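The values are calculated or read from the model by the stated rules, or taken from the named source; none is laboratory data. Keep in mind that this is a model prediction, so the values were computed, not measured. With ideal geometry, Cβ positions are generated from the backbone for all residues, glycine too; neighbour counts draw on all protein chains shown.
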Amino acid sequence: DSGVTQTPKHLITATGQRVTLRCSPRSGDLSVYWYQQSLDQGLQFLIQYYNGEERAKGNILERFSAQQFPDLHSELNLSSLELGDSALYFCASSVGSAYTFGSGTRLTVV
Amino acid sequence: AQKITQTQPGMFVQEKEAVTLDCTYDTSDPSYGLFWYKQPSSGEMIFLIYQGSYDQQNATEGRYSLNFQKARKSANLVISASQLGDSAMYFCAMRDDLNTGFQKLVFGTGTRLLVSP
């Protein structure tokens, strides 16, 4: 167990729908990062939150949004889903040299 | 911009032999960190080893060692005494350590390692 918890592990949904992925960082870690891993794009940084505030954005689509709550857990919201959004979505948290990933949520859009 | 290059799409090694997975990087930042992760078929990203740009010695973690050659901008992963369970995808990644408030990782495309009996 890495200490970073992601739910759900698997998600199957239809095109046009909206889903929410959840992440709890390791205890004491203030930063949460979201990454997308797809076959054609590889591992891509999406967005970072630090202590509740958005810190940086990467290759995140406008249909996607995220937030970090006071208890530091984070949610990634994906809307108007398309087939191409099917991917493995990772959350990570970091402090010092440690950079730890959750086990990921595998999203399949059908 | 930071960039990680892994030129070996796939590698084969026999059990109990050593294998080296190549990684080169490009950055203009003086302070950075280099990571290796293992991704088995189950999908999780497992941290293996970390090397800071100012670390004087090469990092080691059990059977994993990182051959860090700063002048050549390479950070190769060496796995000694390969085991069947080492079969997985391996990713090299880099982090900008100057801005401690923003430390995204930039990943390479990965190397798939197959260990045969």
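Per-residue answers, yes or no, for (1) at pLDDT below 95; (2) of a type outside the set (G, A, S); (3) in contact with a helix residue (DSSP H, G or I) (Cβ under 9 Å, 6 or more places away or on another chain):
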| residue | (1), (2), (3) |
| --- | --- |
| B:L66 | no, yes, no |
| B:R72 | no, yes, no |
| B:I79 | no, yes, yes |
| B:D97 | yes, yes, no |
Please work out which residue is farthest from A:S93 (Cα to Cα), limiting yourself to the stretch A:53-65 and to residues that are part of a loop (DSSP other than H, G, I, E, B), at pLDDT below 95 and of a type outside the set (A, V, I, L, M, F, W, C).
A:N59
For the stretch A:35-52 the number of residues that are more than 10 Å from every other protein chain (Cβ to nearest Cβ) and in a strand (DSSP E or B) is 3
Within the stretch A:64-99, of all residues that are within 12 Å of chain B (Cβ to nearest Cβ) and more than 13 Å from the chain's Cα centre (by Cα), the one surrounded by the fewest Cβ atoms within 10 Å (Cβ to Cβ) is A:G96
Within the stretch A:50-63, can one find any residue that is within 22 Å of B:C92 (Cα to Cα) and either surrounded by 19 or more Cβ atoms within 10 Å (Cβ to Cβ) or among the aromatic types (F, W, Y) (or both)?
no
Lone qualifier among B:Y37, B:Y25 - being in a strand (DSSP E or B), surrounded by 19 or more Cβ atoms within 10 Å (Cβ to Cβ) and more than 14 Å from every other protein chain (Cβ to nearest Cβ):
B:Y25
Which numbered condition A:G28 misses (of (1) surrounded by 14 or more Cβ atoms within 10 Å (Cβ to Cβ); (2) in contact with a strand residue (DSSP E or B) (Cβ under 7 Å, 6 or more places away or on another chain))
(1)
